[in-house]
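Only the coordinates and a few stated rules stand behind these numbers; no lab work does. Just so it is clear, the model here is predicted, and its values are computed rather than measured. For neighbour counting, all protein chains shown are included, and Cβ atoms are generated from backbone atoms with ideal geometry for every residue, glycine included.
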Amino acid sequence: MLGWFQKPRLPSGGDALPGRDQPIPTADHHAVSGAALHPPFAEGAREAVFGLGCFWGAERIFWREPGVLVTAVGYAGGTTPNPTYEEVCSGRTGHTEVVRVIYDPTQTTLDRLLQLFWEGHDPTQGMRQGNDVGTQYRSAIYLDDPADRSRAEASRDRYAAALAARGLGDITTEIRSGAPFFYAEAYHQQYLHKVPHGYCGLGGTGVACPAGPAVATS
């Protein structure tokens, strides 16, 4: 019997850890490009935050994309301010591991980044990705711009249809605004550049995400 196993759940009420007022130490510059990890970013740059499992492999997906100016890993979607990695992994912060993506909209698009996101992991698994189990591995998209959220929701619906056509499950991805990004520790930043053969547990469904925005109808 596996009665001892508890399904991962988000903390509620007084269960969440208190965190701290000041950010934890992290890197100043991107280990691959040398770009500054912290604002201000280039004029006209746009931002999207994605959670798709362990952030080591997830970040590499995006820093390789032309038009992406800066990537950084961190924590978002929870309640604990300025958490540490150990606190997030405890399941008592509510955060998921995420990648902050700063991109030039004249060189790439949110739709392209969403395509990389959907195809880079399995968004039907709830509080896990493969063998990585916990609230910190849940699928998420955080966008503060209402138009961007609408595009993300439209892409979710298109991908859900593609998954259903292959007999796969429902998407569990959280899409919302108002999720502050907290930087992870320096050693996590661009980890797979520093440790090329390091762990990466990401795996997609093998189903392609239909590109482009949904066609509006009158």
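Structural remarks
- Computed from backbone phi with θ = phi - 60° and the Karplus coefficients 6.51, -1.76 and 1.60, the 3J(HN,Hα) list for the stretch 196-202 is x, 9, x, 5, 9, x, 6 Hz; x is used for glycine and proline.
- Percentage of interatomic Cα-Cα distances in the chain larger than 24 Å: 41 percent
- Fluctuation leader among 35, 154, 165 - the chain, Gaussian network, Cα springs under 10 angstrom: 165
- Signed unit charges on C-beta, dipole axis of the chain, positive-most listed residue 11, 201, 45: 201
- Mean Cα-pair separation over length for the chain, i.e. relative contact order, pairs under 8 Å, 6 or more apart, %: 29 percent
- Gaussian network model of the chain, springs between alpha carbon atoms under 10 Å - residue of 196, 180, 105 with greatest fluctuation: 196
- In Hz, Karplus ³J(HN,Hα) per residue of the stretch 31-41 (6.51, -1.76, 1.60; θ = phi - 60°; x = Gly, Pro): 5, 8, 9, x, 5, 5, 7, 10, x, x, 9
- Among the chymotrypsin sites (Phe, Trp or Tyr not before Pro) found in the stretch 1-105, those both in a DSSP coil and sparsely packed, with 15 or fewer other Cβ atoms within 10 Å of their Cβ, are 4, 5.
- Alpha-carbon centroid distance for the pair the stretch 117-166 / the stretch 43-114, whole angstrom: 13 Å
- Largest GNM mean-square fluctuation across 89, 200, 54, computed for the chain with C-alpha springs under 10 Å, falls on 200.
- Of the trypsin sites (Lys or Arg not before Pro) found in the stretch 122-205, those in coil by DSSP whose Cβ has at most 15 other Cβ atoms within 10 Å are 166.
- Each label point was placed 7 Å from the Cα along the Cα-to-Cβ direction; for residue 29 and residue 133 their separation is 4.3 nm.
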